[in-house]
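> Just dropping this structure here.
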């Protein structure tokens, strides 16, 4: 027994010595400076690829906390500087964006020269976390591992979000406590606010998948939401280094839907004006040509683009290429066709109002219903005007188109 007690005492002493050595090692390691990591958030600019801002990670050498000792990782770089190539590969879900490494001073001067706002956040990461983070990114750069760009699921901010979360064992997973209100469509419209062309295209070609409200994790697709999440989860408040120099004018994100309503009204006017001049066939060709061409473009876009947010579009069932046939139908068949199309438009309006369909359909409903109603009312007016003549001399009366 005395020997066992003696052996037990020796073991306890060894354990105590090892614990002290490990503690001293940890303290010494904590005192040794290691590389630092900064998140840069770049404000938006007027150019198409930059309207939502930009995110980069920059790493500085141990003990040298200066921009000259730092290098940055950028995930917003395509493998070729050809916009047609970039857009085509993105919508076809083909990997074409690669991470690159650039010097921090060069990065800073580039965005400063564009007059964009620049913010920086120092991330309180341990040496092990920095090693894990940088190793994962350097591995992708070394292999030129490309990713397929998507505005919601894979962009410069989401790639950094994923790496930060993985390196810190899920520390960023919950995202910020508050995110911008609305769905993905609202985010996209806010970013392109005031741009008539792209907002009109979004009103026509973006399907229902865009109207879902993102989770806090998903909302970090926006660089400024990623900034807010890092500030909250890492206790890293942003430091503003540069102000935006461009003048920001008030704009509207609803302008695209307004354009669709205006087009609907113009088609209605085309019908009424041509009917007054006894050239209804011309009005039918205008309405049928415009609506038919839009239908074909929506079908072609939905077939080519692999993003479900575009391919799953309720407009495919409302705006139909059969409208090309409007000028070639007999008066009786034309009236029946118009009633069917108006009934379809009314059904889609009711489904949106009842919140069964979440995609904004009322502008598209107006695009179909207004000109169709104009044509149908014209046919009724002509029928009433021809009725007395038909009664007086049925042998000489004939339908007019």
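The values are calculated or read from the model by the stated rules, or taken from the named source; none is laboratory data. Source: prediction; values computed, not measured. Cβ sites come from the backbone with ideal geometry, for glycine too, and all protein chains shown count toward neighbours.
> Counting only residues that are touching a strand residue (DSSP E or B) at 6+ places or on another chain (Cβ under 6 Å) and either in the same structural domain as residue 41 (by TED's automatic domain parsing) or closer than 30 Å to residue 199 by Cα (or both), give me the helices (runs of 4 or more DSSP H) lying completely in the stretch 81-188 with at least 3 of them. Reasoning before the result, please.
Working: elements: 83-91, 104-113, 127-142, 156-167.
Fully inside the stretch 81-188 and qualifying: 104-113, 127-142, 156-167.
Let's see how each residue does on (1) assigned to a loop (DSSP other than H, G, I, E, B); (2) out of contact with any helix residue (DSSP H, G or I) (no Cβ under 9 Å at 6 or more places or on another chain); (3) over 22 Å from residue 112 (Cβ atoms):
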{"residue": "214", "(1), (2), (3)": "yes, no, yes"}
{"residue": "217", "(1), (2), (3)": "no, no, yes"}
{"residue": "232", "(1), (2), (3)": "no, yes, yes"}
{"residue": "235", "(1), (2), (3)": "yes, yes, yes"}
{"residue": "251", "(1), (2), (3)": "yes, yes, yes"}
{"residue": "257", "(1), (2), (3)": "no, no, yes"}
{"residue": "264", "(1), (2), (3)": "no, no, yes"}
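> Return only the number of the condition from (1) closer than 20 Å to residue 201 by Cβ; (2) more than 30 Å from the chain's Cα centre (by Cα) that residue 294 does not satisfy.
All conditions pass for residue 294, except number (2).
> Hey, another quick one. For the stretch 219-230, give me each residue that is part of a helix (DSSP H, G or I) and under 13 Å from the mean Cα position of the chain (by Cα). Lay out the reasoning, then the answer.
To start, the set of residues in the stretch 219-230 that are part of a helix (DSSP H, G or I) comprises 219, 223-230.
Scanning the stretch 219-230 gives 219, 223.
> Also, I was wondering about something else. With the requirement that a residue be more than 22 Å from residue 52 (Cα to Cα) and surrounded by fewer than 14 Cβ atoms within 10 Å (Cβ to Cβ), what does the stretch 100-135 give you?
Of everything in the stretch 100-135, those that are more than 22 Å from residue 52 (Cα to Cα) and surrounded by fewer than 14 Cβ atoms within 10 Å (Cβ to Cβ) turn out to be 124, 126, 128, 135.
> Would you pick out the residues in the stretch 303-355 that are free of Cβ contacts under 8 Å to residues at least 40 places away in the same chain, over 25 Å from the mean Cα position of the chain (by Cα) and in a loop (DSSP other than H, G, I, E, B)?
If the condition is that a residue be free of Cβ contacts under 8 Å to residues at least 40 places away in the same chain, over 25 Å from the mean Cα position of the chain (by Cα) and in a loop (DSSP other than H, G, I, E, B), then 320, 329, 354 are the ones that fit.
> Then there is this: Only one of 197, 209 is part of a helix (DSSP H, G or I) and surrounded by fewer than 19 Cβ atoms within 10 Å (Cβ to Cβ); which?
Details: 209 fails: surrounded by fewer than 19 Cβ atoms within 10 Å (Cβ to Cβ).
After ruling out the rest, the residue left standing is 197.
> Among the residues that make up the stretch 138-146, is at least one of them on the phi < 0 side of the Ramachandran plot and in contact with a helix residue (DSSP H, G or I) (Cβ under 7 Å, 6 or more places away or on another chain)? Before the answer, list the steps.
Filtering the stretch 138-146 for residues on the phi < 0 side of the Ramachandran plot gives 138-143, 145-146.
Next, from what is left, pick out any that are in contact with a helix residue (DSSP H, G or I) (Cβ under 7 Å, 6 or more places away or on another chain): none.
Scanning the stretch 138-146 turns up no residue that is on the phi < 0 side of the Ramachandran plot and in contact with a helix residue (DSSP H, G or I) (Cβ under 7 Å, 6 or more places away or on another chain).
> Residue under question is residue 68, and the condition is that it be touching a strand residue (DSSP E or B) at 6+ places or on another chain (Cβ under 7 Å) and either loosely packed, with under 15 Cβ neighbours inside 10 Å or at pLDDT 95 or above (or both); does it hold? Lay out the reasoning, then the answer.
Values: touching a strand residue (DSSP E or B) at 6+ places or on another chain (Cβ under 7 Å): no; either loosely packed, with under 15 Cβ neighbours inside 10 Å or at pLDDT 95 or above (or both): yes.
Here the answer is no, as residue 68 does not meet what is asked.
> Among (1) buried (at least 16 other Cβ atoms within 10 Å of the Cβ); (2) closer than 21 Å to residue 211 by Cβ, where does residue 312 come up short?
Single failed check for residue 312: (1).
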